[in-house]
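Asks: Pasting a structure below so you can have a look.
The values are calculated or read from the model by the stated rules, or taken from the named source; none is laboratory data. In this text the structure is predicted, and so the values were computed from the model without any measurement. Positions of Cβ are generated from backbone atoms using ideal geometry, with glycine treated the same way; all protein chains shown enter the neighbour counts. Ligands, DNA and RNA are stripped out before the accessible areas are found, and what is left, the full protein with its side chains, is counted by its heavy atoms. Shrake-Rupley method; radii C 1.70, N 1.55, O 1.52, S 1.80 Å.
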Amino acid sequence: MIRRLFPHPWLSVTLVLVWMALVNRWAVGSLVFAAIIGVVVPLITAPYWPGAKGYRAPHKIPAYLAIVLWDIAKANFAVARIVLFTPRRALRPAWIAVPLDLRHPEAITALAATITLTPGTVSCDLSEDGRALLVHAMHAPDPDAVLDEIKTRYEARLKEIFE
């Protein structure tokens, strides 16, 4: 019964928290409306998530988020240094095809979002069979090092969380 009312409990919790943060007012009416959104939206969207599985290791999500936030902060400084002090002719942009071990669409989406959120890289395309992600790096003197970092730092952790 509970699973029918809350088909995606983490989505429900996230929607409530995001709504309350957007409203920026802790009133009973806002909380009731947030709860309604948290119940109705997952119920309406549940048919579009056939076979969606939960997390295998949700306790590893905070550590992953901490790593991503740290990498975003570091990359901001690295990109600023490149933009301000690296001559244009010294830039080594690269297209990198990242072969994926991930199979869950949610995990692949999380990886693509992580890459795009990190300054200096952007996820550009997913192969039709979902087995490779095309990434553009603004400055990658060693594209293999970028590939290894994506595979070990992000994909391996997402695989632990999702699969």
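Asks: Only residues that are part of a helix (DSSP H, G or I), open to solvent by less than 30 Å² (accessible area, probe 1.4 Å) and under 30 Å from Y48 (Cα atoms): list them for the range 66-109, please.
Replies: V68, A107, I108 - these are the residues of the range 66-109 that are part of a helix (DSSP H, G or I), open to solvent by less than 30 Å² (accessible area, probe 1.4 Å) and under 30 Å from Y48 (Cα atoms).
Asks: Would you be able to tell me the number of residues in the range 4-34 that are of a type outside the set (S, T, N, Q) and more than 25 Å from the chain's Cα centre (by Cα)?
Replies: Number satisfying all stated conditions: 10.
Asks: Within the range 110-125, how many residues are crowded, with 19+ Cβ neighbours inside 10 Å and either hydrophobic (A, V, I, L, M, F, W, C) or in contact with a Pro (Cβ under 8 Å, 6 or more places away or on another chain) (or both)?
Replies: 4
Asks: Against the conditions (1) more than 25 Å from R103 (Cα to Cα); (2) open to solvent by less than 40 Å² (accessible area, probe 1.4 Å); (3) aliphatic (A, V, I, L, M); (4) modelled with pLDDT under 90, where does M20 fall short? Just the number, please.
Replies: Only one criterion in (1) more than 25 Å from R103 (Cα to Cα); (2) open to solvent by less than 40 Å² (accessible area, probe 1.4 Å); (3) aliphatic (A, V, I, L, M); (4) modelled with pLDDT under 90 is unmet by M20, namely (4).
Asks: While we're here: Take P47 and tell me if it is in contact with a Phe, Trp or Tyr (Cβ under 7 Å, 6 or more places away or on another chain) and not charged (D, E, K, R).
Replies: No.
Asks: Go through the range 23-54 and report how many residues are surrounded by 15 or more Cβ atoms within 10 Å (Cβ to Cβ) and either in a loop (DSSP other than H, G, I, E, B) or touching a residue at least 40 places away in the same chain (Cβ under 8 Å) (or both).
Replies: Residues that pass the stated criteria total 0.
Asks: Kindly indicate the residue of the range 134-163 that is within 16 Å of the chain's Cα centre (by Cα) and not in a helix (DSSP H, G or I) and also nearest to P119 (Cα to Cα) among those meeting that condition.
Replies: V135
Asks: Still on this structure, please answer the following. Mind checking which residues of the range 110-122 are assigned to a helix (DSSP H, G or I) and in contact with a strand residue (DSSP E or B) (Cβ under 8 Å, 6 or more places away or on another chain)?
Replies: Once the filter is applied, which keeps residues that are assigned to a helix (DSSP H, G or I) and in contact with a strand residue (DSSP E or B) (Cβ under 8 Å, 6 or more places away or on another chain), the range 110-122 yields L111, A112, A113, I115, T116.
Asks: Find the residue count for the range 31-88, including only residues that are basic (K, R) and modelled with pLDDT of 90 or more.
Replies: 4
Asks: I've got another one for you. (1) under 26 Å from P9 (Cβ atoms); (2) surrounded by 12 or more Cβ atoms within 10 Å (Cβ to Cβ): which one isn't true of P62, the others all being true?
Replies: P62 satisfies every listed condition except (2).
Asks: Please count how many residues of the range 141-158 are farther than 16 Å from L65 by Cβ and either at pLDDT below 95 or of a type outside the set (G, A, S) (or both).
Replies: Of the residues in the range 141-158, 11 are farther than 16 Å from L65 by Cβ and either at pLDDT below 95 or of a type outside the set (G, A, S) (or both).
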